[in-house]
1. Regarding the stretch 177-187, can at least one residue be identified that is at pLDDT below 95, open to solvent by 20 Å² or more (accessible area, probe 1.4 Å) and not small (Gly, Ala, Ser)?
2. Quick check: is even one residue across the stretch 65-86 over 15 Å from ALA221 (Cα atoms) and in a loop (DSSP other than H, G, I, E, B)?
3. Looking at SER60, is it surrounded by 21 or more Cβ atoms within 10 Å (Cβ to Cβ) and in a helix (DSSP H, G or I)?
4. Would you tally the residues in the stretch 126-157 being closer than 20 Å to VAL202 by Cβ and assigned to a helix (DSSP H, G or I)?
5. In the stretch 21-39, how many residues are assigned to a helix (DSSP H, G or I), out of contact with any Phe, Trp or Tyr (no Cβ under 6 Å at 6 or more places or on another chain) and in contact (Cβ under 8 Å) with a residue 24 or more places away in the chain?
6. Just to be sure I understand, how many residues within the stretch 154-175 are modelled with pLDDT of 95 or more and either farther than 25 Å from GLN217 by Cβ or open to solvent by 50 Å² or more (accessible area, probe 1.4 Å) (or both)?
7. Looking only at the stretch 108-153, count how many residues are exposed (fewer than 14 other Cβ atoms within 10 Å of the Cβ), within 23 Å of HIS95 (Cβ to Cβ) and not hydroxyl-bearing (Ser, Thr, Tyr).
8. Return the residues of the stretch 40-68 that are touching a residue at least 40 places away in the same chain (Cβ under 8 Å) and touching a helix residue (DSSP H, G or I) at 6+ places or on another chain (Cβ under 6 Å); say none if nothing qualifies.
Amino acid sequence: IISSTFQVKSEGPKLVPFFKATCVYFVLWLPTSSPSWFSALIKCLPIFCLWVFLLAHGFSFLGAHSSARKILAGLIFSALGDAFLIWQEQGYFVHGLLMFAITHILYSSAFGMKPLNLRAGLVITAVSTLSYILLYPYLSGPFTYLVAVYIALIGFMGWRAIAGLQLTNDLWTWTKLSACLGAVLFMVSDLTIAVNKFCFPVPHSRAIIMATYYAAQMLIALSAVECQDVEVARKRS
């Protein structure tokens with residue numbers, strides 16, 4: 001626990017640019033009715049800072065650990081998705097959806113398939129199915145199957161993140177908890193987007209969507225340093 005606390009504190013300073021960029025986004029609160037490259041930059045800036053956060057661990061670290069590289073790649077596709085969604089009313093919503101679908105595939109691969117944890121898989125399957133049942137009456141055309149595929153992908157990502165969290169044994173790590181919380185918040189953010197876009201207006205939807213989204217991405221980025229934790233522990237032992 002002491003070493004985990006030390007590791008969390010050591011990562012804190014590297015996240016300062018991310019917190020500042022997130023504050024800039026919420027302070028400026030640029031209107032979505034007039035999309036521009038400046039508004040896209042402000043929206044993507046916190047994600048750019050998470051790129052820097054991972055790169056700050058060194059190219060040798062990224063080169064040695066495929067999970068960290070996949071999370072970095074996921075963050076890159078996330079930024080592209082964010083940019084497309086700035087112009088979603090101009091017909092780029094599906095483009096953003098595709099970018100985030102690729103992000104979830106990369107994150108799922110980074111989290112891996114061990115342990116399997118079928119119980120968590122069943123819970124996520126139930127939640128994903130209920131979400132689609134809620135959305136289905138409001139969907140039409142290509143969105144009928146596009147949303148289904150997207151829900152399956154983000155649900156799979158959530159399962160792999162949650163499956164890694166084992167609180168009842170010594171395999172527990174703060175980075176696995178970070179991945180789990182990040183995945184859950186990502187699902188909350190995207191479900192809010194879907195309900196707000198397809199079903200009915202959600203009060204304060206933009207604030208809910210962006211707060212949970214930025215928190216999710218930060219937590220998932222933090223989970224990438226797990227392999228560094230393992231290395232440190234190995235050297236100490």
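The values are calculated or read from the model by the stated rules, or taken from the named source; none is laboratory data. Remember, it's a predicted structure, so these values are computed and weren't measured experimentally. Backbone-built Cβ (ideal geometry, glycine too); neighbour counts: all protein chains shown. The protein model used for the area step is the full one, side chains on, heavy atoms only, and it has no ligands, DNA or RNA in it. Shrake-Rupley method; radii C 1.70, N 1.55, O 1.52, S 1.80 Å.
1. yes
2. So far as the stretch 65-86 goes, no, none of its residues is over 15 Å from ALA221 (Cα atoms) and in a loop (DSSP other than H, G, I, E, B).
3. Taking the combined requirement at face value, the residue does not satisfy it.
4. 16
5. 4
6. Qualifying residue count, the stretch 154-175: 1.
7. 3
8. Answer for the stretch 40-68, where residues must be touching a residue at least 40 places away in the same chain (Cβ under 8 Å) and touching a helix residue (DSSP H, G or I) at 6+ places or on another chain (Cβ under 6 Å): ALA40, LYS43, PRO46, ILE47, LEU50, PHE53, LEU54, ALA56, HIS65, SER67, ALA68.
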